[in-house]
Amino acid sequence: GKNEEYEASVTSPVNIAVIKYWGKRDSDLILPTNSSLSCTLSQDDLHTKTTIRASRLFEADRLWLNGVEEQVATSKRLSNCIAQARAFRKELETNSQVVETIATKERPLSEWKLHIISENNFPTAAGLASSASGYAALVQALANLFELTLDQTELSKISRLGSGSACRSMFGGFVEWRGGESPSGEDSYAYCVAPQSHWPSMHALVLVVSDDKKGTSSTSGMSTTVNTSTLFAERVKSIVPKRLQKIKEAILSHDFSTFAEITMQDSNQFHAVCMDTYPPIFYMNNTSKAIVHLVHLFNSQLHPETNAPKGIRAAYTFDAGPNAVIYAEEQHIKELVQLISYFFPPAKAQSFRAYFPDAYKIFESSD
Ligand code: PMV
């Protein structure tokens, strides 16, 4: 018959948390111990591109990540996301008078097998949130292919089943993942706090310190932290809620220095909690630490004529790896890049490209 094959293709961006998600209260449904907040980078830059084809003729669900086949059946997270999206498709097919535009009899897509091709344009698993853009792209592509009538918030709950941080990549701009309280996960979803256009001068500079695969996966790291760190409980209970409130206010009022201070403190606390994990986890290396010092140096500069402090103009943050992301406003980027290039020679710079929302530079520097 006709139309034996359907295809959907999407690109999803990376997001970089300023209030970190670290710790699960339910590891099957991926429900977090605390809410978190991130900025989604520009779609044009660090991203995953995913194409899904559905055919009557395919015999199994298959997935290729950067050209290498992954086993769908043995990955619980992958199968959970696909199963959930299929269940919603099935609902449309059995209830097709609800959506007249969907020719569901001709296309019982919920019963067809899928071939999924996913490519990152940046190093996988180097602490650059590849799982976030990866599962966001997977779920968005499934939603498009299946013509699901769910909004981004509902879709964020499906991508959360793949990787917690992925739910935040379902939106652009400044995004909060509300941790929620319900054991079912119905109140654990992402929403947009402010679009990128709210603060167009905000940039993210990605410094690739190393593109090695990270040592401790976020899943295993989080679970050891939850079970062994005593600092962690304090962070979840009394520190994160206050920081979230304050940083949202800072974003809404374009208060960069408060935004930056909270961002750096939360990154530092996340890594302190990792060190308080037993046995300890170290994600930052000596180059990462040198970058921390450099940003504090930059922020403590005085105006050469008036001697007045120039103020906090940059914020670093590190995820589960040694790479740095530096947030700064556009008017300070040039000076910041000059300073960074001075200490990390441009010979090691790999490429020069745009992020949140514009241009920046990826450095490669061995420790
Ligand atoms: O979603 P995961 O399992 O990749 O965990 C992400 C954890 C951090 O990147 C360290 C923090 C965050 O909120 O993104």
Test: A83 is within 24 Å of the chain's Cα centre (by Cα), aliphatic (A, V, I, L, M) and surrounded by fewer than 18 Cβ atoms within 10 Å (Cβ to Cβ): yes
Residue list for region 208-225, filter: within 13 Å of the ligand (Cβ to nearest atom) and surrounded by 14 or more Cβ atoms within 10 Å (Cβ to Cβ): K214, T216, S218, T219, G221, M222, S223, T225
Among (1) without any contact (Cβ under 8 Å) to a residue 24 or more places away in the chain; (2) crowded, with 17+ Cβ neighbours inside 10 Å; (3) within 26 Å of T287 (Cβ to Cβ) - the single one L205 does not satisfy: (1)
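Taking the residues in region 1-47 that are β-branched (V, I, T) and away from the ligand (no atom under 13 Å from the Cβ) as candidates, determine which candidate is surrounded by the fewest Cβ atoms within 10 Å (Cβ to Cβ).
Checking each candidate, the answer is T11.
Let me confirm something: among S257, S229, S267, which residue is touching a Gly at 6+ places or on another chain (Cβ under 8 Å) and touching a residue at least 24 places away in the same chain (Cβ under 8 Å)?
Values: S229 fails: touching a Gly at 6+ places or on another chain (Cβ under 8 Å); S267 fails: touching a Gly at 6+ places or on another chain (Cβ under 8 Å).
Of S257, S229, S267, the one residue that is touching a Gly at 6+ places or on another chain (Cβ under 8 Å) and touching a residue at least 24 places away in the same chain (Cβ under 8 Å) is S257.
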Tabulated pairs, region 314-342, first in a helix (DSSP H, G or I), second modelled with pLDDT of 90 or more and among the polar types (S, T, N, Q), C-beta under 6 angstrom, 6+ apart or interchain: E330/S201
Members of region 247-279 that are surrounded by 13 or more Cβ atoms within 10 Å (Cβ to Cβ) and more than 30 Å from V193 (Cα to Cα): M275, D276, T277
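Select the helices (runs of 4 or more DSSP H) contained entirely in region 183-260, then report the ones holding at least 2 residues which are over 26 Å from D151 (Cβ atoms) and within 18 Å of the chain's Cα centre (by Cα).
Values: elements: 218-228, 230-234, 240-252.
Because the criterion is at least 2 residues that are over 26 Å from D151 (Cβ atoms) and within 18 Å of the chain's Cα centre (by Cα), the helices (runs of 4 or more DSSP H) in region 183-260 that meet it are 218-228.
Could you tell me which of the residues I262, I239 is in contact (Cβ under 8 Å) with a residue 60 or more places away in the chain, more than 18 Å from S27 (Cα to Cα) and assigned by TED's automatic domain parsing to the domain that holds V292?
Values: I239 fails: in contact (Cβ under 8 Å) with a residue 60 or more places away in the chain.
Sole residue among the options that is in contact (Cβ under 8 Å) with a residue 60 or more places away in the chain, more than 18 Å from S27 (Cα to Cα) and assigned by TED's automatic domain parsing to the domain that holds V292: I262.
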Failed item in (1) free of Cβ contacts under 8 Å to residues at least 40 places away in the same chain; (2) closer than 22 Å to Y21 by Cα; (3) in a loop (DSSP other than H, G, I, E, B), with T277 passing the rest: (1)
In region 135-170, the residues that are within 13 Å of the ligand (Cβ to nearest atom) and either at pLDDT below 95 or farther than 18 Å from H47 by Cα (or both): L161
Test: residue in region 54-72 that is surrounded by fewer than 19 Cβ atoms within 10 Å (Cβ to Cβ) and within 12 Å of the ligand (Cβ to nearest atom): no
Any hit, region 180-200, residues being more than 13 Å from the ligand (Cβ to nearest atom) and aliphatic (A, V, I, L, M): yes
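The values are calculated or read from the model by the stated rules, or taken from the named source; none is laboratory data. Computed from a predicted model, the values in this text were never measured in an experiment. Ideal geometry is used to build each Cβ from the backbone, glycine not excepted, and the neighbour counts take in all protein chains shown.
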